[in-house]
Amino acid sequence: MTEKFYEFFNSGFGTALKAILVLILAFVVAAIAKSLIEKLLKHTKLADLKRTDKNGQENTGMKTIELIGKLVQLIVFLLFVPGIFEILGMTQVTAPILALLNTVWGYVPNILFAIIILWIGFYIAKLVRELLVPILNKLEVNRLQKIAGIQVNEQGELSNTLAYIVYVLILIPVIISALSVLNIRAISDPAIAMLSTVFNYIPSILAALIIIVIGWILAKFIGNIITRLIESSGLDAKLAELTGTKNPTFSLSNVTGKTVEVILVIFFIVESFATLHLGVLTSIGTSIIAYMPYALAAFIIFAICVLIGSIVSNVFKKNGHPAVGSMFKYLIYVIGGFMILNQLGIARTLVDSTFILIVAALAVAFAIAFGVGGRDFAKSVLAELQVKIKKEELKAPKPETMDSTTVEGKSKK
């Protein structure tokens, strides 16, 4: 009976039946493995993951769990495929599949070790981050932002930022170790080289960040001091009185303080570029600093033109000539605009030539207007002047009369 049973399964029909049974077993085992993995993952935080994509569709963690379950089902099913082909006598087909599976299974221990290293590293980094935040809050490091006048949300607080930086610094060597354990040189070598470069570059990045933070805080301090000094000197009120504006949009104290603040921040940012050894950005920053005197001079010219224009307009307005005041104000603005363009070095030859042509055109227009429109006025003025000259000549004594009178007086004596 046993021999007949053995012969039946070794015959053509029996071999096919055996292959079908193994195939059914493969489907059942793969389905069980998928179900077990999905049930295990549903008890993790992955099931609570929710995110909305660009199309407005919500991708939950359940979809990710289903994807992982299908992947496990495929791997388990592939384990049975070589046996099915061997039963059918198709050894040439099973050879590459077995080689592929052996390669995959050879990497499984390394993948598991890498996952364990990553899990431990993430756990330690998260724990350190959660411990650092209350410690830094206790040390009141966030007061530096308030003193500097920096308004941020809870995530942007200095304590959270520093804790996150430490979190990343812990993860970088952990990721390097996990990639080394994988021993996939085509992936691990470039990734390790990149992460090692980043890790070695971190001191320079930290130094640059410290320079920028210190520079920003100092710039805020100095800018606030200058603003308050100018406000306390009463210059803002005096300028408002001269310009005749009750609620002036131009505040000398604020503008001066912000200008000093921006200049100092630019200096510190360029210095941070030099610390990072970023040659291109350092050259650009140096060029900006070299150009800053011209820009600052142009800004001063602009401020003076606005101030003088407002004062002149206010003076004429008080004397009942608002139109004349507006004309002189815009004339000052035009002259100031040409001076600013010349100071900034923007097409100096063209700007100078245009300014000379405009001045010459205004002079010619004034001469023509006075000559044509004021001809009668000029004629009457000249006639009156001529009459006055004649009257003065008639009133003046003649030289001969004066001489004879003088001689007679001397003879009497």
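Any read-out appearing in this document is the output of simple, stated calculations on the displayed coordinates, not a laboratory observation. Just so we're clear, the structure is a prediction, and the values are computed from it rather than from any experiment. Virtual Cβ from ideal backbone geometry, glycine too; neighbours counted across all protein chains shown.
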*Tell me, in nm to one decimal, what length is gained between SER204 and LEU276 on full extension, where the rule is 0.36 nm per residue of separation less the Cα-Cα distance?*
25.4 nm
*Using 0.36 nm per residue of separation minus the Cα-Cα distance, give me the extension gain between LYS318 and LEU229 in nm, one decimal.*
28.9 nm
_Take LEU40 and LEU74, extend 7 Å from each Cα along the Cα→Cβ direction, and tell me the distance between the two endpoints in nm._
1.9
*Net charge, ASN254 excluded, C-beta distance under 12 Å - Lys, Arg +1, Asp, Glu -1*: -1
*For segment 76-158, the spread of Cα positions along each principal axis, largest first, Å*: 80, 21, 15
_Nitroxide proxy distance, nm - points 7 Å out along Cα→Cβ at SER287 and ASN153_ = 3.7
